[in-house]
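The values are calculated or read from the model by the stated rules, or taken from the named source; none is laboratory data. Since this is a predicted model, take the numbers as computed values, not measurements. Note: ideal-geometry Cβ built from the backbone for every residue, glycine included; neighbour counts use all protein chains shown. Ligands, DNA and RNA are stripped out before the accessible areas are found, and what is left, the full protein with its side chains, is counted by its heavy atoms. Shrake-Rupley method; radii C 1.70, N 1.55, O 1.52, S 1.80 Å.
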Amino acid sequence: MPVRLSAFSLVRNALSSHERWPQLWRSPEPRRRYDVIVIGGGGHGLATAYYLAKEHGIGNVAVIEKGWLGGGNTGRNTTVVRSNYFYPESARLYDLSLRLYEGLSRDIGFNIMLSQRGVLTLAHNSHQLEMLARWLNAMHLNGIDGELLEPSRIREWVPLLNDSPTARYPVKGAVLQRRGGVARHDAVAWGYARAADALGVDIIQNCEVVGFLREGDRIVGVETSRGELRAPKVALAVAGHSSVLAAKAGFRLPVTSYALQAFVTEPVKPVLSCVVVSMSTGAYVSQSDKGELVTGGALDLYPSYAQRGNLPTLQGAVAGLLELFPCFSRLRMLRQWAGIVDVVHDSSPIIDEAPVKGLYLNCGWGTGGFKAIPGGGFAFAHLLATGRHHPAAEGFTLNRFTRGAMIDEGAAAGISH
Amino acid sequence: MLQITCPCCGPRDEPEFRWGGEVPLVRPGPPEQVSDEAWAEYLFTRDNPKGFVRERWLHALGCRQWFVVVRSTVTHEIRATTRLTDTLPEALT
Ligand SMILES: Cc1cc2nc3c(=O)[nH]c(=O)nc-3n(C[C@H](O)[C@H](O)[C@H](O)COP(=O)(O)OP(=O)(O)OC[C@H]3O[C@@H](n4cnc5c(N)ncnc54)[C@H](O)[C@@H]3O)c2cc1C
Ligand SMILES: [Zn+2]
């Protein structure tokens, strides 16, 4: 078992100048044979390994990561969590995820700094207001919390919002999900890694999967930069690289990889108590505990595997932010970065068996899969262990594109991340 | 920011253009004979390669012509742009 983290262990380690903290997880030599190999040490891969061990007693699992843990989108996202989706399928999955997040710090003994400060989605004209009301009705039918706020109430929540009568995007109303908020992304990756490791999962970093081992028409393992590893089940959780690995396994996916950017300003005193999302400008913003404003906008304009963003999108995101909060114009941007996200046509994930036996898919989270890490991992582990879809993840199949059974959250709710 | 050479107008900045998907992408037909699988392939399934790709772009704020770009999805380097009707040299595909 790893060291229990507590106020006491903090004090004790402070007295030894923080030089005696143990490693959070081992870095073992890979075994040659596992029950399940998970490719991708992002949140979804790590959560999958944890729930395989914890819920299904399958601890002979390896997580293979080509870089460092959380170095993909999990460590690059803007950490918004919420479950205010439109369709019942999505509501089930994302609310399972939010409920798991609510208990996660305790469950894995690691503070993920979940802050349910509320997510406020703004409407800027009467049409958007009608869309919001319809969306809120759907949320209520799905049993998800949410409330419609009048402009006067919005001002109480976000006093700095531009409410001038000449504003380009006047604020007409908003939907608030109080259970939404932010969590610490690195802590989610590290916490799951530590907890999975304690249950026997091998976490292998700096190890790239470069191909698959086959017997007949089955995949029976992976070829890596550190040799061949075998397992009867191989689970793919590589986000923006899903198509690349699918091609190595001999099939194609309905996925396109794009860069999604985020930006952080210099830190200031507390000025923003919730997450604000704007339906017109696509901009969204929250303030981190350090005081920095964390903001982002739309996808870059063309497919990319380069983990850096382009300038026109940055300009668009900043322009959108300043329309909402003109007073932020004096803040300087400290950092800018991008992650490669796996976008599918209906903005919903794929949690399913792959077209090749022995291989399983967890992808398609696109711009919004951080909030889904616990639920996605839970449901994926269930599929891997039992061969059946988890009841909270039904419908997220690969063949929905052939059957026309889309779960089109992009069209219905129109908000990503 | 990308600078893209429209075969019609010459080099222009990225915001004048719109990305339009991988080529070649051939619409199957006639419609009543196309299986659901073939439609889904055509509509949704993509190569999405890491490396050079041939894609269609529109010069939306210029001549409004569609044309072909050979671009790396890793470095964003553009190797060639040609008219839709031109055949690309084999080495560039
Ligand atoms: C800028 C930005 C902002 C975002 N904001 C939000 C937000 O506010 N809220 C939200 O819910 N979501 C957000 N997202 C989306 C979210 O980050 C992702 O959907 C989520 O992190 C995906 O997790 P993952 O584990 O699937 O992928 P990743 O964390 O990307 O993990 C995949 C891992 O696979 C590894 N890998 C790839 N190929 C190989 C290989 N061949 N061998 C071994 N390993 C390999 C990669 O190195 C990577 O670590 C945002 C994303 C970005 C980029
Ligand atoms: Zn032109």
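Under 13 Å Cα to Cα from A:LYS172, which aspartates and glutamates show up? Leave out anything in the same chain fewer than 8 places away.
Qualifying aspartates and glutamates at Cα under 13 Å: A:GLU130, A:GLU150, A:ASP163.
Can you give the log10 of the normalised intensity I(q)/I(0) at q = 0.07, 0.08, 0.12 Å⁻¹, computed with Debye over equal Cα scatterers of the protein assembly as shown?
Here log10 of I(q) over I(0) equals -0.40, -0.52, -1.19.
Taking only the alpha carbons of region A:241-343, what extent do you get along each of the three principal axes, in Å, biggest first?
Taking max minus min along each principal axis of the Cα atoms, region A:241-343 gives 52, 26, 22 Å.
Convert each backbone phi in region A:27-40 into a coupling constant with the Karplus relation 6.51 cos²θ - 1.76 cosθ + 1.60 (shift: θ = phi - 60°), then list the ³J(HN,Hα) values in order as whole Hz, x for Gly and Pro.
10, x, 5, x, 6, 7, 9, 10, 7, 9, 10, 9, 9, x
List the equivalent ellipsoid semi-axes of region A:187-231 in whole Å, largest first, each obtained as the square root of 5λ for an eigenvalue λ of the Cα gyration tensor.
Here the semi-axes work out to 26, 12, 8 Å.
With N denoting the number of residues in region A:332-417, provide Rg(C-alpha) divided by 2.2 N^0.38 Å, to two decimal places.
On the way: Rg = 14.4 Å, N = 86, 2.2 N^0.38 = 12.0 Å.
Rounded to two decimals, the normalised Rg is 1.21.
I need to check one value: relative contact order of region A:112-174, counting alpha carbon pairs closer than 8 Å and at least 6 residues apart, in percent.
48
To the nearest whole number, what is the average tally of beta carbon atoms from other chains within 10 Å of the beta carbons of peptide B:69-78?
That average works out to 3.
Using only the alpha-carbon atoms, what does region B:6-93 span along each of its principal axes? Please give whole angstrom values in decreasing order.
For region B:6-93, the Cα spread along each principal axis is 42, 28, 24 Å.
On a 0 to 90° scale, report how tilted helix A:185-198 is relative to the longest principal axis of chain A, with both axes built from alpha carbons and the result rounded to the nearest 10.
Long axis of A:185-198 versus the principal axis of chain A: about 30 degrees.
So if I take the alpha carbon set of region A:1-114, get Rg, then get Rh from the Kirkwood formula, what is the Rg over Rh ratio? If you can, show how the numbers build up before the last one.
Working: Rg = 16.8 Å, Rh = 16.7 Å.
Rg divided by Rh gives 1.01.
Convert each backbone phi in region A:144-156 into a coupling constant with the Karplus relation 6.51 cos²θ - 1.76 cosθ + 1.60 (shift: θ = phi - 60°), then list the ³J(HN,Hα) values in order as whole Hz, x for Gly and Pro.
Result, ordered by residue: 9, 6, x, 9, 8, 10, 6, x, 5, 5, 4, 4, 5 Hz.
For chain A, set up a Gaussian network in which alpha carbons nearer than 10 Å are linked by springs, and say which option among A:LEU253, A:LEU114, A:LEU361 fluctuates the most.
A:LEU253
Over 23 Å between C-alpha atoms is what I'm after, so list which of A:LYS54/A:LYS371; A:LYS54/A:LYS248; A:LYS54/A:LYS233; A:LYS269/A:LYS371 land there.
From A:LYS54/A:LYS371; A:LYS54/A:LYS248; A:LYS54/A:LYS233; A:LYS269/A:LYS371, over 23 Å: A:LYS54/A:LYS248; A:LYS269/A:LYS371.
Of the heavy-atom accessible surface of the protein assembly as shown (probe 1.4 angstrom), what whole percent is carbon and sulfur? Spell out each step's value before the answer.
Details: 11470 of 22180 Å².
For the protein assembly as shown, the apolar C and S fraction of the accessible surface comes to 52 percent.
With N denoting the number of residues in region A:67-123, provide Rg(C-alpha) divided by 2.2 N^0.38 Å, to two decimal places. Could the numbers behind the result be given before it?
Values: Rg = 13.4 Å, N = 57, 2.2 N^0.38 = 10.2 Å.
It is 1.31.
Between region A:133-180 and region A:284-333, how far is it from one alpha carbon centroid to the other, in angstrom?
21
Rounded to the nearest 10 degrees, what's the angle between the helix A:373-386 long axis and the longest principal axis of chain A, both from Cα atoms, 0 to 90?
Approximately 30 degrees, to the nearest ten.
Could you give the distance between the Cα centres of region A:19-78 and region B:33-93, to the whole Å?
That distance is 37 Å.
How far is helix A:43-56 tilted off the main Cα axis of chain A, in degrees rounded to 10, range 0 to 90?
Roughly 60 degrees between the two axes.
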